[in-house]
Amino acid sequence: MASYQLIKEVGIEGAVKLKTQDCVVPIDGSIDDSSVSTLQGRNPSSSLERNASTSSGRLVSLDIFRGLTVVLMIIVDNAGGILPAINHSPWNGLTLADFVMPFFLFMVGVSLGLVYKKMPCRAAASSKALLRALKLFILGILLQGGLFHGLNDLTYGVDIEQIRWMGILQRIAVAYLFSALCEIWLRNNEKVDSLQSLLKKYQWHWIMMGILTSVYLILLYGLYVPDWEYRSPHEASANAETYMVKCGVRGDTGPACNAAGMIDRKILGIQHLYRRPIYSRTEQCSMNSPGYGPLPPGAPSWCKAPFDPEGILSTLMAIVTTLIGLQYGHIIVNFKNHNDRLVLWLGSSSIVVILGFLCDFSGMHINKALYTLSYTCVTAGVAGILLAAIYVVVDVHSCRRFTTVLKWIGMNSLMIYILVACNIIPLVLQGFYWRHPRNNILSLIGLGPKSD
């Protein structure tokens, strides 16, 4: 979504200088022979053993991966309501739609490994990363904070007391910034000539992943969640009712009493959370489950409660996904042989996927809304396997005849996300109407309701 655009200014394809008063930082994502090594000292003979460098130094597979992810996002956003099987899982479980967010975060990490390959001046690189993350975070608030009132509503504006602070772009901005700072400051200059030396060079990245995961697990399973209440409708209204949610538990990972929701309610405020929570599609809360629908008789009191799937606690594991992707980028930078890259990618991905399913079987269920450890491992591992498969097709065997569109989409993923997923194009088209706002371009082509 935003991985390419976040770093487009510094470019993967060439060297760009970040200037301060006394230093110049060349950031070069190209793959040169002097800085990469192979796991085995042999002469390349097959397509898998040839040097992975190209004249442009760009791996087309990275753009294709982004493009496929954007296409997947568009499909599930538009067809998820018709085909609930591909829509986001109401709570525990994994569907096609649940891969979109971690795939984008994974590619943010991979791209960072290329962007910060050469970086003599860390302060300048840090300031650039901070500025980009801030821009993306503000953009996310503007697009997903409630400023636009949705389709068929030409009004806009949001009460600051009700604005949603977190969202998809905000999460990507936080994960990008944290991972970029890790790449800038937490690595040494050790020469990489083996897997062991690769792990040693970036050992602090693995330590940070361990710290983030430990903090997440301690808070999720260790915090006590007391009873809490909320009002619905959420806006100030004489008809608003107060609902009490009974909890008084520790370590619960259900929709009502999990620590992630409690942290967001305490820090962000319940009025600033997402008001159409994914768990309202569960059987307890919807007569049309796994789709949205009216409340069934005897529905739990928490069914209408706000819950943010991009909340504070779950963002810790989103950062871990980005850091995992960063390690895959390191493999691109430090190993030039196709076979070496594939062995490391597929071996690592298989281990991570197995770990994820083991966590799921042990009770740490796969859950996107909570961004659980099992969800992190399975989705990151699948992302690595998919990247390896695309890499074999388009970079090893150069089968690129039908990849032009996907490559373009991948290189302009943020723009496409804003125009399509955030409904900017439909909102603009609805602004041009004849006599009545419902007689707009969308209604003319059969995509919107017409006036009576």
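The values are calculated or read from the model by the stated rules, or taken from the named source; none is laboratory data. All figures in this text were calculated on a predicted structure; none of them were measured in a lab. All Cβ positions, even for glycine, are placed from backbone atoms using ideal geometry, and neighbour counts span all protein chains on display. With ligands, DNA and RNA removed, areas are computed over all heavy atoms of the protein, side chains included. Shrake-Rupley method; radii C 1.70, N 1.55, O 1.52, S 1.80 Å.
Filter segment 93-110 down to residues that are closer than 16 Å to M411 by Cα and surrounded by fewer than 24 Cβ atoms within 10 Å (Cβ to Cβ), then give me how many there are. Write out each step before concluding.
We begin by selecting, within segment 93-110, every residue closer than 16 Å to M411 by Cα; these are 103-110.
Now narrow it down to the ones that are surrounded by fewer than 24 Cβ atoms within 10 Å (Cβ to Cβ): none.
Total satisfying the criteria: 0.
Identify the single condition in (1) within 22 Å of L313 (Cα to Cα); (2) in contact (Cβ under 8 Å) with a residue 60 or more places away in the chain; (3) hydroxyl-bearing (S, T, Y) that Y391 does not satisfy, given that it satisfies every other one.
(1)
What number goes with the only condition from (1) modelled with pLDDT under 90; (2) part of a loop (DSSP other than H, G, I, E, B) that R231 does not pass?
Of the numbered conditions (1) modelled with pLDDT under 90; (2) part of a loop (DSSP other than H, G, I, E, B), the odd one out for R231 is (2).
Modelled with pLDDT of 95 or more and exposed (fewer than 14 other Cβ atoms within 10 Å of the Cβ): which single residue out of V174, V215, V225 fits that description?
Working: V174 fails: exposed (fewer than 14 other Cβ atoms within 10 Å of the Cβ); V225 fails: exposed (fewer than 14 other Cβ atoms within 10 Å of the Cβ).
Within the list V174, V215, V225, the selection yields V215.
Out of all the residues in segment 268-292, which are surrounded by fewer than 16 Cβ atoms within 10 Å (Cβ to Cβ) and farther than 22 Å from A240 by Cβ?
Start the filter on segment 268-292 by keeping residues that are surrounded by fewer than 16 Cβ atoms within 10 Å (Cβ to Cβ), which leaves 269, 276, 283, 287-288, 291.
Matches in segment 268-292: E283, M287, N288, G291.
Does any residue in segment 183-195 that is within 10 Å of M119 (Cβ to Cβ) and open to solvent by less than 80 Å² (accessible area, probe 1.4 Å) come within less than 8 Å, Cβ to Cβ, of a residue that is in a loop (DSSP other than H, G, I, E, B) and at pLDDT 85 or above six or more places away or on a different chain, and which pairs are these?
Listed by first residue and then by second, the contacts come to E183/Y116; I184/Y116; R187/Y202.
Can you find even one residue in segment 317-334 that is of a type in the set (F, W, Y) and either farther than 19 Å from V100 by Cα or surrounded by fewer than 21 Cβ atoms within 10 Å (Cβ to Cβ) (or both)? Talk me through it step by step, then tell me what you get.
Quick first cut of segment 317-334, residues of a type in the set (F, W, Y) only: 328.
Those left that are additionally either farther than 19 Å from V100 by Cα or surrounded by fewer than 21 Cβ atoms within 10 Å (Cβ to Cβ) (or both): none.
Looking for residues that are of a type in the set (F, W, Y) and either farther than 19 Å from V100 by Cα or surrounded by fewer than 21 Cβ atoms within 10 Å (Cβ to Cβ) (or both), one finds none in segment 317-334, hence no.
Just the residues that are of a type in the set (D, E, K, R) and in a helix (DSSP H, G or I), please, taken from segment 353-412.
Step one: list which residues in segment 353-412 are of a type in the set (D, E, K, R), which gives 360, 368, 395, 400-401, 407.
Correct list: D360, D395, K407.
Can you confirm whether segment 203-212 contains a residue that is more than 27 Å from A123 (Cβ to Cβ), open to solvent by less than 30 Å² (accessible area, probe 1.4 Å) and touching a residue at least 12 places away in the same chain (Cβ under 8 Å)?
no
So, in segment 69-93, exactly how many residues are under 24 Å from S374 (Cβ atoms) and out of contact with any Lys or Arg (no Cβ under 6 Å at 6 or more places or on another chain)? Show your work before the answer.
First, pick out the residues of segment 69-93 that are under 24 Å from S374 (Cβ atoms): 69, 72-73, 76, 80, 84-93.
Then drop every residue that is not out of contact with any Lys or Arg (no Cβ under 6 Å at 6 or more places or on another chain), which leaves 69, 72-73, 76, 80, 84-89, 91-93.
Total satisfying the criteria: 14.
Can you tell me which condition R122 does not meet? The list is (1) closer than 28 Å to L177 by Cα; (2) at pLDDT below 75; (3) among the basic types (K, R), and all the others hold.
The one condition R122 does not meet is (2).
Can you work out which of the residues in segment 301-316 that are polar (S, T, N, Q) and surrounded by fewer than 24 Cβ atoms within 10 Å (Cβ to Cβ) is farthest from G381 (Cα to Cα)?
Taking the candidates together, the pick is S301.
Run M262 past the list (1) part of a strand (DSSP E or B); (2) buried (at least 18 other Cβ atoms within 10 Å of the Cβ) and report the number of the one that doesn't hold.
Status for M262: all satisfied but (1).
Yes/no matrix, rows are residues, columns are (1) modelled with pLDDT of 95 or more; (2) polar (S, T, N, Q):
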{"residue": "T315", "(1), (2)": "yes, yes"}
{"residue": "N337", "(1), (2)": "no, yes"}
{"residue": "G363", "(1), (2)": "no, no"}
{"residue": "A380", "(1), (2)": "yes, no"}
{"residue": "D395", "(1), (2)": "no, no"}
{"residue": "K407", "(1), (2)": "no, no"}
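Condition (residue is surrounded by 20 or more Cβ atoms within 10 Å (Cβ to Cβ), modelled with pLDDT of 85 or more and part of a helix (DSSP H, G or I)) applied to segment 153-165: is it met by at least one residue?
no
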